[in-house]
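Input: a single structure, listed below in structure tokens.
We did not get these values from a lab; they are worked out from the coordinates using the rules stated. What you are looking at is a predicted structure, and each value in this text was computed from that prediction instead of being measured. As a convention, Cβ positions derive from the backbone with ideal geometry for all residues, glycine included, and neighbour counts pool all protein chains shown.
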Amino acid sequence: MTETETRIEDTPAKPPPFFGARFSLYPMTDRYVRVILDSIKGLRDTGLEVETDEVSTFIGGDRDRVFGELARVFAAAARTGEHVVMTVLLSHGCPGETYCESTGEIRVPAHANNTGDKSGVAVSAQWSLYPMGSDGYMDVIYREIDRTKRAGVFAKGAHFVSGLRGDLTDVLAAVRASFDAACADAGHVVAHATISANSPTGRSS
């Protein structure tokens, strides 16, 4: 073994950047308790950090697992046929977290491991992206809106949000692609999405 190889082996690998999602699920039905409990069943067996209270559930850890669970939970609720809405708050980097100090370092997340399988759940969503501390944040936002257009899920622009529409798999993949790309420009990136399925109006904004 060479001296260079020894130095590489002795250098501890950096942990992945802090990442997590906080979500709330709202089934528009008088059996909302059963729909919620059935949808989140098994969440604590995923190996993710899970914290639940009376308002929302936090899941943190591996990016692929987090997005996979967001898709699984919402799809399970939507497949009941009830009108369901889920709010999702995503964060990469963690200034202010009690157990993680921000260094201002930009660390790009690993490439997404997507299966590409359609969920069969048609959704409408509203999505906002916040690259924190980036001088050119509006350029990043416009670039990532264009990315959702190329992905074929952009529906329209509105006050404070971009409207997205399509299969749940495609919409979440577009949100993740834009979120991950923004992480190359800012050490702390936040995104918010509201996802709706089975709306009685037939076209949620």
Q. Hey, how many Å between the Cα centroid of the range 19-86 and the Cα centroid of the range 137-205?
A. 19
**Q.** Cα-centre dipole for the range 46-93 with unit charges at Cβ (Lys and Arg positive, Asp and Glu negative), debye to 20
**A.** 260
(Q) Taking loop as defined by DSSP and a crowding limit of 16 other beta carbons within 10 Å, which chymotrypsin sites (Phe, Trp or Tyr not before Pro) in the range 128-163 fit? (A) Phe160
